[in-house]
1. Can you say whether ASP100 is among the acidic types (Asp, Glu) and within 20 Å of PHE15 (Cα to Cα), as far as the supplied structure shows?
2. Which one of LEU57, LEU30, LEU24, LEU71 is under 13 Å from the mean Cα position of the chain (by Cα) and either part of a helix (DSSP H, G or I) or closer than 26 Å to ASP123 by Cα (or both)?
3. For the range 1-21, give me each residue that is without any contact (Cβ under 8 Å) to a residue 24 or more places away in the chain and part of a loop (DSSP other than H, G, I, E, B).
4. Quick check on LEU51: is it outside any loop (DSSP other than H, G, I, E, B), of a type outside the set (Lys, Arg) and in contact with a Leu (Cβ under 6 Å, 6 or more places away or on another chain)?
5. Of the residues that make up the range 70-88, is at least one out of contact with any Gly (no Cβ under 7 Å at 6 or more places or on another chain), under 21 Å from ASP36 (Cβ atoms), among the aliphatic types (A, V, I, L, M) and in contact (Cβ under 8 Å) with a residue 60 or more places away in the chain?
6. Which residue, of ILE45, ILE121, is surrounded by fewer than 17 Cβ atoms within 10 Å (Cβ to Cβ), touching a residue at least 40 places away in the same chain (Cβ under 8 Å) and touching a strand residue (DSSP E or B) at 6+ places or on another chain (Cβ under 8 Å)?
7. Hey, GLY77 hits all of (1) on the phi > 0 side of the Ramachandran plot; (2) not in a loop (DSSP other than H, G, I, E, B) but one; which does it fall short on?
8. Output the number of residues of the range 53-86 satisfying the condition of being surrounded by 15 or more Cβ atoms within 10 Å (Cβ to Cβ) and within 23 Å of ALA9 (Cβ to Cβ).
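The values are calculated or read from the model by the stated rules, or taken from the named source; none is laboratory data. All of these numbers come straight from a predicted model, not from anything done at the bench. Methodologically, a virtual Cβ is constructed for each residue, glycine included, from the backbone with ideal geometry; neighbour enumeration extends over all protein chains shown.
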Amino acid sequence: MASEQWQDAPEDHDFPAAATYLSLVCDATLANKIVDALRAASNTIYDAKDLLRASRLKLLPKDNLHVQSDLAKVKAGKKLSPILLVRGNFPGNRDLVIADGYHRICASYWIDENSPIPCRIVDLPA
């Protein structure tokens, strides 16, 4: 079921969303450099539970509006966009930043915590 619920590539609007979020945790020049690397990266697979643990983010409840929306999409047979990740030593001791897709990870976790999720991951440039 997991492979059936994911698109092969992120949607075009995911990259500007990632740049906006990243510009809150690093400067805009670095954020844009990371997004360019994410555009060029290949997909890899990680389990929902591992993504939450590595990012140190809490699982959002099923009744979260965006989680509900993603769960409804999957139920309707629509595919979710892969997750955009940045690995590195961000301020605040954050070793993995979810640049885009936090709600999609949580929705996938509610379906099955071992859900394999396609991700694009890049390392934080030095």
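1. yes
2. Details: LEU30 fails: under 13 Å from the mean Cα position of the chain (by Cα); LEU24 fails: under 13 Å from the mean Cα position of the chain (by Cα); LEU71 fails: under 13 Å from the mean Cα position of the chain (by Cα).
Exactly one residue qualifies, and that residue is LEU57.
3. Those that are without any contact (Cβ under 8 Å) to a residue 24 or more places away in the chain and part of a loop (DSSP other than H, G, I, E, B): ASP12, HIS13.
4. Working: outside any loop (DSSP other than H, G, I, E, B): yes; of a type outside the set (Lys, Arg): yes; in contact with a Leu (Cβ under 6 Å, 6 or more places away or on another chain): no.
For LEU51, the condition - outside any loop (DSSP other than H, G, I, E, B), of a type outside the set (Lys, Arg) and in contact with a Leu (Cβ under 6 Å, 6 or more places away or on another chain) - is not met.
5. Yes, the range 70-88 contains a residue that is out of contact with any Gly (no Cβ under 7 Å at 6 or more places or on another chain), under 21 Å from ASP36 (Cβ atoms), among the aliphatic types (A, V, I, L, M) and in contact (Cβ under 8 Å) with a residue 60 or more places away in the chain.
6. Working: ILE121 fails: surrounded by fewer than 17 Cβ atoms within 10 Å (Cβ to Cβ).
The conditions single out ILE45.
7. The failed condition is (2).
8. Start the filter on the range 53-86 by keeping residues that are surrounded by 15 or more Cβ atoms within 10 Å (Cβ to Cβ), which leaves 54-55, 57, 59-60, 64, 67-68, 70-71, 73-74, 80-86.
Going one step further and asking which of them are within 23 Å of ALA9 (Cβ to Cβ), we end up with 54-55, 67, 70-71, 73-74, 80-86.
So the answer is 14.
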